[in-house]
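Report on the structure given below.
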Amino acid sequence: MLTLIKNGYVIDPSSGREGIFDILIEEDRIIKVGSSLISEDEEKENMNHGKLTVIDAKGKYVMPGFVDLHVHLREPGFEYKETIETGSLAAAAGGFTTICSMPNTNPVTDSFATISDLLDRAKKVGLVNILPIGSITVGQAGKELADILGMKKAGAVALSEDGKSVMDPSLYMEAMKLAVEQDLPIFAHCEDSSLVRNGAMNEGARSQELGIPGIGNIVEDLIVARDILLAKETGAKLHICHCSTKDSVKFIAMAKKEGLSVTGEVCPHHFTLTDADIPSKESNYKMNPPLRSEEDLIALKEALRDGVIDVIATDHAPHSEEEKSKSFLEAPFGIVGLETAFALTNTELVKEGYLTARQMVEKMSLNPARILGIDRGSIGEGKVADIVIADPKAEYQIDKNSFRSKGKNTPFHGRKVFGRVEYTFVNGRVVYQYQCNKGKHQ
Ligand code: DOR
Ligand code: ZN
Ligand code: ZN
């Protein structure tokens, strides 16, 4: 079976190819990229025999499928928030073909058995590629190291304590040394638990107005600096998750300058909103790290532009309506992100001139694939056909009721954006196709 994607604007940072090209897919692979790949007669004949599907991608971006380093799938343990199936459907709808699942499930993925179980479940769903991240400590309790060797053997692609930091530096150093031996990157959630207290939003004028306890930038900055020093000491590959402060990016820039293997990620909500945008005590604006100040937001955008920040990841964190309808103080941290990431990035960064479309693809696909060391993130002959086709000009309002995710917890409901995912291919197979309300494909 062949698929021909015709006339699309192909963006492939790995080869530097950018422009109008056709792509021919056979089974799970891209077999040709170029112009006039099939003659019109051949095209008609193959279509008539049901051997060829043609997709006209005129005016659309054709990009390597997005790779999300930071997703909370919630299964096993919290299936009422999200399952591997609904999370995969959301990923496909967002143009993500590979997603990494964070370990804060129940049980925590901290062993050979739990990583194997996750991969078995993912295989049964079989929609997008799911790569599990193993916990650093047993049960994320911060007391004893998890079975890093066993997790690597089972297929873990990185280690993380996400949701918190490993607060004991000597334990963390031990973990980093094992991570180096196993060639696993560390994905660091940076938050000093002794400084955070009961903070629920950014510390500043808005938190005072709302009477909500604040989380200062120092909570993040201190651990970012510490983790970079620990990575320097051990040689670990360190990826700083969801950077939200101006000093986080300063430290990452310094580490890069020194030649350390340190990368950084930013989430769309942190470059789109500030704490001043929090309407009242609306808990769909509550996430960890919190929405920061305008100064921080600008520093994040500049760091994305200048290459200090390598990755845009979602920190997709679904919660139930019931949980999120609690008060700002009581509601859990986290918002969904898989189905809004492309549109927000395109609208806030590409249209605003911070990133070129090519840099967006680097940060949403190629760079995360490189951090994982997987052969994804490029559109080339012989590569696996993980592809996203999106209309960068489509203008619409985000509608949480259209989400495939079980989580509707977004601060972006009703927000006007540009950029719509139209097709997502995984292994050459269409796993998502946009249907407009009338049921007619646009
Ligand atoms: O907002 C967040 N939600 N931040 C985290 O670190 C964890 C996540 C979750 O699991 O809900
Ligand atoms: Zn986190
Ligand atoms: Zn997270």
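The values are calculated or read from the model by the stated rules, or taken from the named source; none is laboratory data. Keep in mind that what you see is a predicted model, and the values were worked out from it rather than measured. Glycine also receives a Cβ, built like all others from the backbone with ideal geometry; neighbour counts cover every protein chain displayed. When the accessible area is computed, the model is the full protein with side chains, heavy atoms only, and any ligands, DNA or RNA have been set aside. Shrake-Rupley method; radii C 1.70, N 1.55, O 1.52, S 1.80 Å.
Structural remarks
- Sorted peptide list for 194-204, 93-103, 314-324, criterion being average Cβ within 10 angstrom, highest first: 93-103, 314-324, 194-204
- Per residue, the chain exposes an accessible area of 40 Å² to a 1.4 Å probe, with every protein chain left in place.
- Positive-end residue of Thr83, Ser101, Val128, charge dipole of region 27-159 with Cβ unit charges: Ser101
- Note that region 44-117, at 25 °C in a medium of 0.890 mPa s, gets a Stokes-Einstein diffusion coefficient of 163 µm²/s from its Kirkwood radius over C-alpha pairs.
- Here the chain carries DSSP beta bridges of which approximately 50% are antiparallel, counting only pairs with both residues inside.
- Sorting the segments 28-36, 8-16 by their mean number of nearby beta carbons within 10 angstrom, highest to lowest, gives 8-16, 28-36.
- Check: region 352-404 dipole with +1 on Lys, Arg Cβ and -1 on Asp, Glu Cβ, in debye: 160 debye
- The chain: calculated mean residue ellipticity at 222 nm from DSSP helix runs of at least 4, using -39500 (n - 2.57): -8000 deg cm²/dmol
- Dipole-positive endmost among Ser14, Met167, Cys436 within the chain (Cβ charges, Cα centre): Cys436
- Ordering of 216-223, 418-425 by packing is 418-425, 216-223, highest average first (other Cβ atoms within 10 Å, averaged per residue).
- Cα centroid separation, region 304-360 to region 1-55 (Å): 32 Å
- For region 286-442: relative contact order, % (alpha-carbon pairs under 8 angstrom, 6 or more apart): 23 percent
- Shape category assigned to region 71-201 from the gyration tensor of Cα positions, a/c cut at 1.5: oblate
- Global form of region 272-315, assessed from the alpha-carbon gyration tensor, a/c cut-off 1.5: oblate
- When only Cα pairs below 8 angstrom with a gap of at least 6 residues are kept, region 117-269 shows a relative contact order of 17 percent.
- The chain: most fluctuating residue of Arg376, Arg74, Arg226 per GNM, C-alpha cutoff 10 Å: Arg226
- Spatially proximal lysines relative to Lys60 (Cα-Cα < 18 Å; intrachain offsets below 8 disregarded): Lys6, Lys351, Lys393, Lys440
- Too-long pairs where the Cα-Cα distance tops 28 Å, listed order kept, from Lys123/Lys153; Lys164/Lys250; Lys250/Lys286; Lys58/Lys246: Lys58/Lys246
- The chain, relative contact order [Cα under 8 Å, separation at least 6], %: 20 percent
- Neighbourhood net charge (13 Å Cβ-Cβ; Lys/Arg +1, Asp/Glu -1) for Gly235: -1
- Local net charge near Thr105, Cβ-Cβ under 12 Å (Lys/Arg +1, Asp/Glu -1): -3
- Spin-label model distance (nm) - Lys326 vs Glu144, 7 Å beyond Cα toward Cβ: 3.1 nm
- Residue-count net charge about Gln397 - beta-carbon cut-off 14 Å; Lys, Arg +1, Asp, Glu -1: +1
- What the Cα convex hull of region 180-306 gives, in volume per residue, is 104 Å³.
- Considering the chain, its Cα convex hull presents a mean projected area of 19.9 nm².
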